[in-house]
Amino acid sequence: MPARIRRLVTKSGDQHYDEIVGYFGVGALRQPPSPMSDVELARAIAEFLEETPSSQSIATLSRRLNPSSPHPTPG
């Protein structure tokens with residue numbers, strides 16, 4: 001999934017990308033149980049890029065990627 005996300009996040013969004021990869025690394029973000037279409041993933045990433053990277057924006061992205069997974073808590 002991070003490779004697909006990298007294609008959707010331009011170099012100017014590196015801080016956002018680093019946050020996403022970091023949260024995948026610690027298990028706070030999980031891949032969806034069934035693959036998302038490129039359109040669904042692009043929408044989720046576009047929404048995330050509109051906000052400053054934070055625990056709250058990661059939680060929103062998590063709900064979009066995998067509604068059934070536990071969500072990161074702000075902190």
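Computed quantities for the displayed model
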| quantity | calculated |
| --- | --- |
| Within region 25-48, considering residues that are open to solvent by 40 Å² or more (accessible area, probe 1.4 Å) and closer than 16 Å to residue 63 by Cβ, the one modelled with the lowest pLDDT | 33 |
| Which numbered condition residue 52 misses (of (1) open to solvent by 70 Å² or more (accessible area, probe 1.4 Å); (2) of a type in the set (Val, Ile, Thr); (3) within 9 Å of the chain's Cα centre (by Cα)) | (3) |
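The values are calculated or read from the model by the stated rules, or taken from the named source; none is laboratory data. The structure presented is a predicted model; accordingly, all values stated were derived computationally and were not measured. Reconstructed Cβ throughout: ideal geometry from the backbone, glycine too, with neighbour counts over all protein chains shown. In case anyone asks, the SASA skips ligands and DNA or RNA and just uses the protein heavy atoms, side chains included. Shrake-Rupley method; radii C 1.70, N 1.55, O 1.52, S 1.80 Å.
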